[in-house]
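Inspection log for the structure reproduced underneath, given as structure tokens.
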Amino acid sequence: MARVSQEHLDARRRQILDGAARCFARNGFHATSMQDVLAEVGLSAGAVYRYFAGKEELIAAIADEAFAGIHGAFEEASRQSPPPTPEVLLGAVLRLFLEERIPGADRRAFARLILQVWSETARDERLAASLQDGFDGMRVLWTKIVDGYRESGLLAADVPAEHLARTLIAVAQGYIAQQALFGDIDVTMLEDGLRGLMSMSVYGSVTMDPQSAS
């Protein structure tokens, strides 16, 4: 029997994951059956089950791949001195992972998929643990990036790096949610918005009293 190359195995796995991602983005996890995935990828049940035992494994593999890719992009940025400014870094990573991320799907597909992964963590402990690991890793990387801004004189020292890291992660999460829910939001809007906020002067600014806002 001819031996199947690793390249062939990897390509087949990629084909299955891309097809499953299109199905999940289009119809949702719960409305998608394994039969839908088989029809999408044009493979037999035996060919698909060789790689994945079922829908849950497909979801987990797609999520793990996304977390690893995003983590790698920010890790590379954290090694630069000084690191790219937030609007440049977030803009580049979001373009990489949201635009044409799923072959054959529209631009909103990956954002919709991410939103579904977040919601699935409420019922899937394995997925929740994976998301927590991904989030913790991102916090560490963004903290390093913020420290790089500070060491380069780009950032004042009076705000904890952890707080800024969580805020920047929230900006990225908010953009993904907007793209999934409302669609066709150009990353340029995020870049311009961050650039505008960062240009605000803190001198002479008015501080709001929390008591007066209640």
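The values are calculated or read from the model by the stated rules, or taken from the named source; none is laboratory data. It should be emphasised that the depicted structure is a prediction, and the values quoted were computed from it without experimental measurement. Glycine also receives a Cβ, built like all others from the backbone with ideal geometry; neighbour counts cover every protein chain displayed. Accessible surface areas use protein heavy atoms only, side chains included; no ligands, DNA or RNA. Shrake-Rupley method; radii C 1.70, N 1.55, O 1.52, S 1.80 Å.
A simple spin-label model places pseudo-atoms 7 Å from Cα toward Cβ; at SER152 and GLN178 they are separated by 2.4 nm. When nucleic acids and ligands are ignored and a 1.4 Å probe is applied, LEU197 ends up with an accessible area of around 110 Å².
Cα centroid separation, the stretch 57-73 to the stretch 81-132: 9 Å. For the chain, a simple Cβ point-charge model (Lys and Arg +1, Asp and Glu -1, everything else neutral) yields a dipole of about 500 debye relative to the Cα centre. Working note: 222 nm ellipticity from helices only, DSSP H runs with n ≥ 4, each -39,500 (n - 2.57), summed and divided by the residues of the chain, gives -22500 deg cm²/dmol to the nearest 500.
Before I look further, what does the stretch 33-93 give for accessible area per residue, probe 1.4 Å, in whole square angstrom?
Each residue of the stretch 33-93 exposes 45 Å² on average to a 1.4 Å probe.
Within the stretch 63-136, the trypsin sites (Lys or Arg not before Pro) that combine a DSSP coil assignment with at most 14 other C-beta atoms in a 10 angstrom radius are ARG79, ARG123. What a 1.4 Å probe finds exposed on the chain is 55% carbon and sulfur by accessible area, rounded to a whole percent.
Length gained on full extension, SER33 to GLU56, computed as 0.36 nm times the residue gap minus the Cα-Cα distance: 7.2 nm. Computed from label points 7 Å out along Cα-Cβ, the spacing between GLN6 and ALA68 is 1.3 nm. A Stokes-Einstein calculation at 37 °C with viscosity 0.692 mPa s, built on the Kirkwood radius of the chain over Cα pairs, returns a diffusion coefficient of 169 µm²/s.
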